[in-house]
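For reference, the structure is listed below as structure tokens.
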Amino acid sequence: VLTVYVLAAFIFALKKSDAFMECTSIAFAFFVLHLSYGTGYLRGIADFLILGLSPSQKMEKLSR
């Protein structure tokens, strides 16, 4: 699965740029964005659905 992800990231990065270093940077950015979003999503599931926690007042004000 990881090989397919890396290959797809480089293919889509090549659509944006032909320079190898720039493609590497774009592919790394894809990875960081997906990892960050996925981690936050899983933490939200754990906090709100499994542990039954509610958002803090600080977070409610920040997001609204």
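Only the coordinates and a few stated rules stand behind these numbers; no lab work does. Every value quoted in this text rests on a predicted model; they were computed, and no experiment measured them. Methodologically, a virtual Cβ is constructed for each residue, glycine included, from the backbone with ideal geometry; neighbour enumeration extends over all protein chains shown.
Globularity index of the chain is 1.60 (Cα radius of gyration / 2.2 N^0.38 Å, N = number of residues). Computed about the Cα centre, the dipole magnitude for the chain is approximately 240 debye when only Lys and Arg (+1) and Asp and Glu (-1) carry charge, each at its Cβ. For the options 50, 26, 11, a Gaussian network treatment of the chain with springs between C-alpha atoms closer than 10 Å singles out 50 as fluctuating the most. Helix 2-16 axis versus longest C-alpha principal axis of the chain: approximately 70°, rounded to the nearest ten. Backbone geometry of segment 27-35 corresponds, through the Karplus equation with coefficients 6.51, -1.76 and 1.60 at θ = phi - 60°, to 3J(HN,Hα) couplings of 4, 5, 5, 4, 4, 4, 5, 5, 5 Hz, x marking Gly and Pro.
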